[in-house]
Amino acid sequence: MAEVLILGAGVSGHTAALHLRRLLGSQHKVTVVSPNSQWNWIPSNIWVGVGEMAKKDVVFPLAPVYARKKIGFHQAKAVAIRPKGDADDPRGAVDIEYTLPEKAGTTERLRYDYLINATGPKLKFEATEGMGPGGHTESVCTADHAVEANHKLREVIEVLKTGKPQTLVVGTGHGTCTCEGAAFEYVFNVDHELRQAGVRDLARVVYLTNEAALGDFGVDGMVFDQQGFQTTSELWTGSLFRERGVEAIVGTHVHRVEERTIHYETLDGTSHTLEFDFAMLIPPFGGVPLQAYDAEGNDITSELFAPSGFMKVDADYTPKPYEEWRAEDWPTTYAAPGYDNIWAVGIAFAPPHQISKPRKSPNGTVIAPSPPRTGMPSGVMGKTVAMTIADRIKHGTSAAPHTASMARMGAACVASAGTGLTKGSAAAMTMLPVVPDYQRYTTGRDERETRGELGLHGHWVKLMLHYLFLYKAKARLGWQMIPE
Amino acid sequence: MAQLSMHEPAGGGNPVLDLSKAPLPTAKTLGARRNLWLQFWRFVAFDLRIMRMVIKGHH
């Protein structure tokens, strides 16, 4: 019997757990550790944040699904990894602390034969003074944050209805943020809601982003072939901003937020302030804090984790300038160096470098979008590692690993720009590969597969993905037929 | 990424991008984006492209 332990039940961890259960016989044990009791389809938090969906529409309890699939579940957070076990047992172990209300604070040491770290991000609101739900800005990173954001948005809409102008700011709250796509979606959904409420003319809507150019999305932008001409995602998204009357401020790092005032710096090194009545700023992500110890109890955290808190895997972490970045720098198996039974997937793995060109202001402020590794790529990584582990268990430890590099795989990004079956809209993009490969393609990506389209059909696609991925995550009949 | 010159601060205390050179969609384009029949076919085409990409790029 083999025991597989998965830390995290987000897209990558949950996907890995379901596939492992499908691929392995019942004599093998699959266990998930997650501090959250519910699974959240995070892309739809955008709609919760504008009141178009309720929290219950984007979450469901994990425990019944795991009970039905015979997957062990501990509602707890992992606090330490012991890859070589301890004095009592040489098998790897993970120390957990329960978050389940009845057992809150209780600790336990779980043993494993194979470990997947899919812990996702730590939302680092504290990186920017005054930012976040505990401060002066909103967030849509969790379903609860999105519910609160909608409450605040409704208050602002009520003020607008009295005829008093309001400024709404949406964007990134730090120079190293990722998930610009989420901010992009939210700003256009806010714009859509303001129009629906008949108050758009009184609202100033501002998109404040760490991207050096619109349409960068943390992936160095895209080049599309449109009707025989090459166009950029910069021009394409710029068109949408102009059409909707959304102001854009790019290349920003927010230093601090006070009540109704954002203090930020731009790439040219100048400082600015922006007054606001409502702000939703995405925080930067860090790795979930985990310590690592050897069998003697010595701290080996820096051996397993990068300073950012993300786990090192089979990437090339040699520091090098942007011009020397290569597709081969990106990991393929997600195995932790030096360990043949530990992997990190989704946001938990340490990327070798950014995807977008990193920049600094003349003051030395780093303004460099971090690489997105959510959604489709996360699910693919989870499935890939699950297949590797299943092969190792069934065919021995010499079984070749499965691979899935972000410099090979594609992704679809459907950025909602407003809801409604006949009035909705979305920017629907596909890119192949996610990480541009300028040695292979002149524009960095396969031009046949890299496209951007705006229209009602994009909203239908996003709605379809919402229902499909909730169905899949609930492990309903035929779930495995739905691709990651 | 190819750069287009849209970066002209418009003043007003904040360096807001000058988007006056970004192309505005024509009435025909806006209509096409809402046309149920056309959008149905775009929906089908987009879904097929995702599936092709899954097959081509994921393993």
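The values are calculated or read from the model by the stated rules, or taken from the named source; none is laboratory data. Since the structure is predicted, the reported quantities are computational estimates derived from the model, not experimental observations. All Cβ positions, glycine included, derive from the backbone under ideal geometry; neighbour counts span all protein chains shown. Side chains included, ligands, DNA and RNA excluded: accessible areas come from the protein's heavy atoms. Shrake-Rupley method; radii C 1.70, N 1.55, O 1.52, S 1.80 Å.
Bridgeable aspartates and glutamates around residue A:152 (alpha carbons under 18 Å apart, same-chain partners fewer than 8 residues away excluded): A:52, A:138, A:144, A:185, A:191, A:193, A:258, A:259, A:275, A:277.
For the segment A:474-484, counting C-beta atoms of other chains within 10 Å of every residue's C-beta and taking the mean gives 1. Here's the picture: charge each Lys and Arg Cβ at +1 and each Asp and Glu Cβ at -1 in the protein assembly as shown, and of A:219, A:110, B:40 the one pushed furthest to the positive end of that dipole is B:40.
Region A:116-131 and region A:189-262 have their alpha-carbon centroids 24 Å apart. Helix A:11-23 and the long axis of chain A differ in direction by around 40°, with both axes built from C-alpha atoms. Averaged over the residues of A:247-255, the number of partner chain Cβ atoms lying within 10 Å of the residue Cβ comes to 3. The fraction of all Cα pairs in region A:4-89 landing in successive 10 Å bins from 0 to the largest distance is 16, 40, 30, 11, 3, 0, given as whole percents.
Normalising the Debye intensity of region A:306-459 to I(0), with uniform scatterers on Cα atoms only, and taking log10 at q = 0.13, 0.14, 0.19 Å⁻¹ returns -0.72, -0.81, -1.20.
Helix A:143-161 and the longest principal axis of the Cα set of chain A meet at an angle near 10°. Working from the Cα coordinates of the protein assembly as shown, the gyration tensor eigenvalues give, after taking √(5λ), semi-axes of 38, 25, 24 Å in decreasing order. Toward the positive end of the charge dipole of the protein assembly as shown, with +1 on the Cβ of Lys and Arg and -1 on the Cβ of Asp and Glu, the farthest Cα among B:30, A:433, A:142 is that of B:30. Using Cα centres only, tell me the gap between region B:13-59 and region A:269-284 in whole Å. About 29 Å separates the Cα centre of region B:13-59 from the one of region A:269-284. Annotation: the antiparallel percentage among DSSP beta bridges lying fully within the protein assembly as shown is about 60. For region A:449-484, the set of trypsin sites (Lys or Arg not before Pro) satisfying both a DSSP loop assignment and a count of at most 13 other C-beta atoms within 10 Å is given as A:476.
Place +1 on the Cβ of every Lys and Arg and -1 on the Cβ of every Asp and Glu in the protein assembly as shown, take the dipole about the Cα centre, and give the residue among A:28, A:207, A:246 whose Cα lies farthest towards its positive end. Looking along the dipole axis, the top candidate is A:28. Surface composition of region A:112-212: carbon and sulfur atoms hold 49% of the protein heavy-atom accessible area at a 1.4 Å probe.
Would you mind checking the tilt of helix A:233-244 against the longest principal axis of the Cα atoms of chain A, expressed as 0 to 90 degrees and rounded to 10? Approximately 50 degrees, to the nearest ten. For residue A:121, the shell of other residues with beta-carbons less than 14 Å away shows a net charge of +3, using +1 for Lys and Arg and -1 for Asp and Glu. Taking a straight Cα-Cα cut-off under 24 Å and skipping sequence neighbours fewer than 8 places away in the same chain, the lysines within cross-link reach of residue A:312 are A:77, A:84, A:122, A:124, A:320, A:357, A:383. In chain A, the DSSP-assigned H stretches of four residues or longer account for a calculated mean residue ellipticity at 222 nm of -7500 deg cm²/dmol, using -39500 (n - 2.57) per stretch and the full residue count as denominator. Here the protein assembly as shown is treated with +1 on each Lys and Arg Cβ and -1 on each Asp and Glu Cβ, and its dipole about the Cα centre works out to around 2020 debye. Excluding ligands, DNA and RNA, the accessible surface per residue across the protein assembly as shown is 40 Å² with a 1.4 Å probe. Excluding same-chain neighbours fewer than eight residues apart, the aspartates and glutamates reachable from residue B:56 by a Cα-Cα span under 15 Å are A:446, A:447, A:449, A:484, B:47. Amide H to amide H distances under 5 Å link residue A:282 with A:171, A:172, A:173, where only residues 5 or more positions off or on other chains count and H is placed in the peptide plane.
Shape analysis of region A:352-418 based on the Cα gyration tensor places the equivalent ellipsoid semi-axes at 34, 18, 8 Å, largest first.
Built from the Cα atoms of region A:180-292, the convex hull projects on average onto 10.5 nm², one quarter of its surface area.
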